[in-house]
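Below you'll find the structure, written out as structure tokens, and then a few comments.
Read-outs throughout are calculated quantities, based only on the coordinates presented, and are distinct from any laboratory measurement. These numbers come from a predicted model, not from an experiment. Cβ coordinates were reconstructed from backbone atoms using ideal geometry, including for glycine residues, and neighbour counts include every protein chain displayed.
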Amino acid sequence: MTQADAHITVTDLTMAYGDFVIQRDLNFTIRRRDVFIIMGGSGCGKSTLMRNLIGLKAPAKGQVSIDGKNLWGIEPEQRERAMRRFGVMYQSGALWSSLTLAENVALPLGEYTDLSPAEIADLVSLKLALVGLAGFEEFYPSEISGGMQKRAGVARAMALDPDILFFDEPSAGLDPVSSRRLDDLILELRDSLQTTMVVVTHELASIFTIANNSVFLDPETRTMIAQGDPKTLRDHSHDPKVTSFLTRGEHE
Amino acid sequence: MAAVSATATQSTKQAPGLEISPAGSDSLLLKLSGAWTLANPLPSSGDFEEALGTGESVRRVAFDTAGITEWDSGLLTFLLKIESQAGERHIEVEPEGLPEGVRRLLQLAAAVPPKATHKAEKPRNFIAVLGEQSLAFFSDAKATVTFVGESVQAFGALLRGKARFRGTDLALVLQDVGPAALPIVTLISFLVGLILAFVGAVQLEQFGAQIYVANLVGLAMAREMGAMMAGIIMAGRTGAAFAAQLGTMQVNEEIDAFKTLGIQPMEFLVLPRMLALMLMMPLLTIYANVVGILGGAVVGVNMLDLGATQYFNQTQTALGTEDFAVGLFKGSVFGVLIAIAGCMRGMQSGHSSAAVGVAATSAVVTGIVFIIVTDGIFAVVFNALGI
């Protein structure tokens with residue numbers, strides 16, 4: 001791994017709500033075109049780590065650097081510009097409920113590009129088609145199923161062709177087939193658009209299908225206890241917690 | 001099963017029994033019988049504790065459960081209590097005598113050791129509660145000032161033509177806080193005018209000064225009650241709605257989604273709501289004034305035998321432009337306050353459905369407190385200024 005390859009670098013990160021420390025001393029690097037998994041048992045701070053990475057929450061200590069620039073050491077405007085290079089799919093989709101799917105995807109395009117409304121409409125149709133929602137442009141989020149909302153959330157996250165896509169529990173609440181399609185979509189986007197993917201999940205099937213790098217957070221010791229390719233971790237890790245997690249506790 | 005039906009039904013209804021007897025020099029035998037289900041009054045584990053209390057010598061506890069006809073969680077909780085009491089005294093519990101299902105479930109319950117979760121809160125004394133409340137008050141005051149500051153910034157952006165929000169959103173909120181609020185404002189203002197007239201009429205009739213009911217109702221509505229009633233209605237109706245809408249968006253992470261795209265929720269969500277209330281509240285205040293005066297007129301004409309024209313002429317001479325101006329000014333200020341209270345509580349809302357309820361309640365309370373306190377200050381200031 002060369003330094004130029006590093007896309008997101010986390011150094012000595014401590015996350016806390018007030019005095020309550022969630023995780024401490026996190027150190028890892030996400031390379032370009034990685035599909036990077038943040039995993040760990042329930043309540044270990046996976047989603048909080050994601051909020052730190054996307055700049056929604058300032059770290060209690062340590063740094064999150066994107067392309068070598070510390071997200072919290074730069075001016076707020078610069079940070080906002082950096083954040084715009086992220087696409088985020090939130091756990092519940094987080095579509096804006098007063099807007100149609102098309103308007104949801106179009107809003108960031110309208111804000112940050114000089115495209116004409118017709119061009120935006122074409123782009124919106126393309127993004128929705130990519131996630132298998134062609135023809136649903138005029139539906140409101142409440143009118144479609146949970147799985148479709150998630151996919152629409154992906155379409156919105158992809159709207160500005162981001163450098164990094166974050167997914168918060170993409171397969172939670174999806175049936176196996178939809179979940180598989182979402183995995184394929186993640187891999188396809190990585191391969192075709194060279195996007196770096198950061199995925200918070202604990203779905204093993206999905207982890208082994210898509211990941212080539214990961215970090216394992218442990219809720220008891222409140223720090224990371226493993227990193228690397230999940231398949232390698234499963235087969236070669238010496239930490240019983242990690243192997244137990246990655247084999248559903250079958251090889252304890 | 002058929003052959004034993006008579007005795008079986010008899011025995012399933014048999015109350016759960018517990019017999020404790022010594023077995024050997026250092027062990028106790030617990031003989032359980034009958035139906036150990038939650039539907040029956042179960043023996044307490046206190047008997048066991050008593051049996052233990054007498055001798056230090058007990059080292060083992062065994063079970064005989066051959067007499068148990070049926071069991072459910074009731075038996076399990078009883079056994080867990082026995083286990084913990086025995087554990088405290090370092091007495092060995094021999095599970096061999098228990099039904100197999102019970103043994104497996106007890107094992108399952110013990111599989112994950114209880115975690116030290118630091119959840120046990122210490123009982124707090126009065127001083128601590130007072131201190132916490134005061135700190136909470138100051139941090140709340142700070143949050144309010146911050147929110148007002150952010151709103152001013154958003155308005156700055158609006159004046160510079162840089163604010164980003166959708167016109168359709170503004171139109172929707174305008175419709176919701178204006179025309180849609182008319183029926184309830186009509187009803188309340190009309191009744192308030194009516195009530196004021198009744199109260200005045202009883203007193204003024206004694207002096208034969210019924211005509212001054214028109215002055216009373218007119219002045220009270222224009223200077224005070226029109227703006228205040230419209231304000232309180234809007235605080236309950238719109239302030240709560242704003243808080244609930246924004247709070248729900250907070251729960252759905254919609255607000256986070258705005259932030260990651262670099263779109264200011266203050267501009268996109270809060271600004272149209274504030275603008276709408278600031279535009280509509282003065283109009284609603286005027287409307288409430290007129291309807292309230294009409295309510296007073298109904299009493300004046302029907303009860304006090306005043307002519308309609310006479311009543312309105314009297315109202316006209318009693319009311320100056322400055323009286324309406326005072327009410328209008330108050331109404332506008334109340335509009336801003338309600339919008340601040342509603343939007344602030346919504347944006348501060350936590351990430352759960354209970355938090356949205358708290359936010360809505362808090363928005364109404366905050367809004368009404370803001371209105372009443374401000375109205376009190378206005379009363380003093382206007383008096384001092386002689387307006």
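Structure summary
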| read-out | value |
| --- | --- |
| Sum of -39500 (n - 2.57) over DSSP H runs of 4+, divided by residues of chain B (222 nm, nearest 500) | -22000 deg cm²/dmol |
| Number of partner chain Cβ atoms within 10 Å, mean per residue of A:105-114 | 2 |
| Options B:Gly295, B:Ser45, B:Ala363, ranked by Cα towards positive dipole end of chain B, top entry (Cβ charges) | B:Gly295 |
| Efficiency of FRET between B:Ala66 and A:Thr209 - r from beta-carbon atoms, R0 56 angstrom, step 0.05 | 0.55 |
| Average other protein chain Cβ within 10 Å of Cβ, residues B:158-168 | 1 |
| Efficiency of FRET from Cβ geometry, B:Glu132 and A:Gln63, R₀ 41 Å, rounded to 0.05 | 0.75 |
| Separation of the A:Ser192 and B:Gln316 label points, Cα + 7 Å toward Cβ, nm | 7.6 nm |
| Gained length - B:Tyr212 relative to B:Glu88, 0.36 nm times residue gap less alpha-carbon distance | 36.3 nm |
| Separation between Cα centres of the stretch B:13-66 and the stretch B:176-235, rounded to whole Å | 75 Å |
| Mean residue ellipticity (222 nm) of chain A, computed from DSSP H runs ≥ 4 via -39,500 (n - 2.57), nearest 500 | -11000 deg cm²/dmol |
| Residues A:Ile54, B:Ile368, sorted so that the one with the fewest Cβ neighbours within 10 Å comes first | B:Ile368, A:Ile54 |
| Of every Cα-Cα pair in the stretch B:157-385, the percent that sits beyond 25 Å | 47 percent |
| Rg in Å to one decimal, and Dmax rounded to a whole Å, for chain A via C-alpha atoms | 18.2, 59 |
| Ranked list, fewest to most other Cβ atoms within 10 Å of each Cβ, for B:Arg345, A:Arg85 | A:Arg85, B:Arg345 |
| Modelled label reach - B:Ser353, point 7 Å along Cα→Cβ, the stretch B:242-273 residues with backbone N closer than 16 Å | B:244-245, B:247-253 |
| Estimated inter-spin distance, B:Ala51 and B:Arg104, nm [label 7 Å along Cα→Cβ] | 2.8 nm |
| Relative contact order for chain B, counting Cα pairs under 8 Å that sit 6 or more residues apart, in percent | 16 percent |
| Chain A, relative contact order in percent, only Cα pairs under 8 angstrom and at least six apart counted | 25 percent |
| Cα-only radius of gyration and Dmax that characterise the protein assembly as shown, units Å | 34.4, 107 |
| Ranked A:Trp96, A:Trp72, criterion: other C-beta atoms within 10 Å, fewest first | A:Trp72, A:Trp96 |
| Helical segments meeting 27 Å axial Cα length and Kyte-Doolittle -0.5 threshold in chain B (DSSP H) | B:126-159, B:182-205, B:271-303, B:321-348, B:353-385 |
